[in-house]
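To start, the structure itself, in structure tokens.
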Amino acid sequence: MKTNKGLATAGNYALLIVLGLLFALPFLYTLYSSLVTMQDVNHWVGPSKWTLDNYNLFFTNEAYNVPQWLWNTVLMTGIVIAGNLVINPMAGFALAKLDFAGKRWIYWIVVATMMVPYQMILIPVYVNVAKLGWLNSVWGLTIPFLYQSLYIFMLRQFFISIPGEFIEAARLDGLTKMGAFWRIVYPLARSSLITMSILAFSGTWNSYLIPSTFTSDPSKYVLVVGLNSVKDMFFENTPLIMAGVVLATLPILAFFFIFQKQYIEGVSSSGVKG
């Protein structure tokens, strides 16, 4: 019986490894292509012929200004995630646990906005950003996106599952509603907040439509927009383009793997699962 169970476990792991390799294959090919010369693309060459010249070109050629694009992306992503970690939980908590006039209408407005493609409201947002003088600035790329209807809805669903007794006990201990939220409820949402952060990081870091629309100054480009301009200049240089793809992808993978462990710990330590 134990032997059969061991074989089944080994088979499951083998299947997961195979599937993992299949999903990782495109990225591994991209990584390999970024380390070879143009002559060696689509041919296997040993590590002795691998080179970091493509990456070095990005960071040493002033025409690309990758360090500035990278800093712009880090700044934009950091501000957006910080805003989402504050505004979305507060809105979700209010819709889940507080009673106020118009609560139901506000909830359905939030749900309705989730169904509207962002392309439909891009022009009005652009006009407002332009009137405020936020074009070609970090404010235009961050302030309109400090909250997301999807994440408000997601956190509202989590907060509904938290027993009201937790909040009542906190109030009896002398905490205000906001105090109970920040000291009791907010920590319980750790797993949901990490999930939201991963999704927000990926979506913001990879964002192309908004930054390319709101910025025209190359010094204000984010990484994806800047690398796309390099692609247009060097369309035939596959290794250079692949190096740009790796530069844009690695931070997302690193962020996910760092916070994946935090997410698991948050689920296991939380009294309420998100």
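The values are calculated or read from the model by the stated rules, or taken from the named source; none is laboratory data. The structure presented is a predicted model; accordingly, all values stated were derived computationally and were not measured. Ideal geometry is used to build each Cβ from the backbone, glycine not excepted, and the neighbour counts take in all protein chains shown. Protein only, heavy atoms only, side chains kept; ligands, DNA and RNA dropped before computing areas. Shrake-Rupley method; radii C 1.70, N 1.55, O 1.52, S 1.80 Å.
Restricting to segment 28-53, name every residue that is of a type in the set (Phe, Trp, Tyr) and at pLDDT 85 or above.
Keep residues of segment 28-53 that are of a type in the set (Phe, Trp, Tyr), which gives 29, 32, 44, 50.
Passing the criteria: TYR29, TYR32, TRP50.
Are there any pairs, at least 6 apart or on different chains, whose C-beta atoms fall under 9 Å, with the first in segment 100-127 and closer than 15 Å to ILE152 by Cβ and the second surrounded by fewer than 10 Cβ atoms within 10 Å (Cβ to Cβ) and not acidic (Asp, Glu), and if so, which?
These pairs meet every condition: ILE106/PHE100.
Would you pick out the residues in segment 25-44 that are part of a loop (DSSP other than H, G, I, E, B), touching a Ser or Thr at 6+ places or on another chain (Cβ under 9 Å) and farther than 18 Å from THR249 by Cβ?
THR37, VAL41, ASN42
Which pairs have Cβ atoms under 9 Å, sit 6 or more apart or on different chains, and link a residue in segment 132-155 that is within 19 Å of ASN206 (Cβ to Cβ) to one that is crowded, with 16+ Cβ neighbours inside 10 Å and aromatic (Phe, Trp, Tyr)?
GLY140/TYR126; GLY140/TRP134; GLY140/PHE214; LEU141/TRP134; LEU141/PHE214; PRO144/TRP134
Yes or no: PHE145 at pLDDT 90 or above and touching a helix residue (DSSP H, G or I) at 6+ places or on another chain (Cβ under 7 Å)? Before the answer, list the steps.
Values: at pLDDT 90 or above: yes; touching a helix residue (DSSP H, G or I) at 6+ places or on another chain (Cβ under 7 Å): yes.
Yes; evaluated as a whole, the condition is true for this residue.
Would you pick out the residues in segment 32-58 that are under 15 Å from PRO239 (Cβ atoms) and open to solvent by 60 Å² or more (accessible area, probe 1.4 Å)? Lay out the reasoning, then the answer.
Filtering segment 32-58 for residues under 15 Å from PRO239 (Cβ atoms) gives 32-45, 49-58.
Of everything in segment 32-58, those that are under 15 Å from PRO239 (Cβ atoms) and open to solvent by 60 Å² or more (accessible area, probe 1.4 Å) turn out to be MET38, GLN39, ASN42, HIS43, TRP44, LYS49, TRP50, LEU52, ASP53, ASN56, LEU57.
Does segment 203-218 contain at least one residue that is at pLDDT 85 or above and aliphatic (A, V, I, L, M)?
Here is the first cut: in segment 203-218, the ones at pLDDT 85 or above are 203-218.
Applying the additional criterion that residues be aliphatic (A, V, I, L, M) yields 209-210.
Yes: segment 203-218 contains one or more residues that are at pLDDT 85 or above and aliphatic (A, V, I, L, M).
Of all residues in segment 164-178, count the ones that are farther than 15 Å from ALA94 by Cβ and touching a helix residue (DSSP H, G or I) at 6+ places or on another chain (Cβ under 7 Å).
Residues of segment 164-178 that are farther than 15 Å from ALA94 by Cβ, as a first pass: 165-166, 168-175.
If we keep only those that are touching a helix residue (DSSP H, G or I) at 6+ places or on another chain (Cβ under 7 Å) as well, we get 166, 170-171, 175.
Total meeting the criteria: 4.
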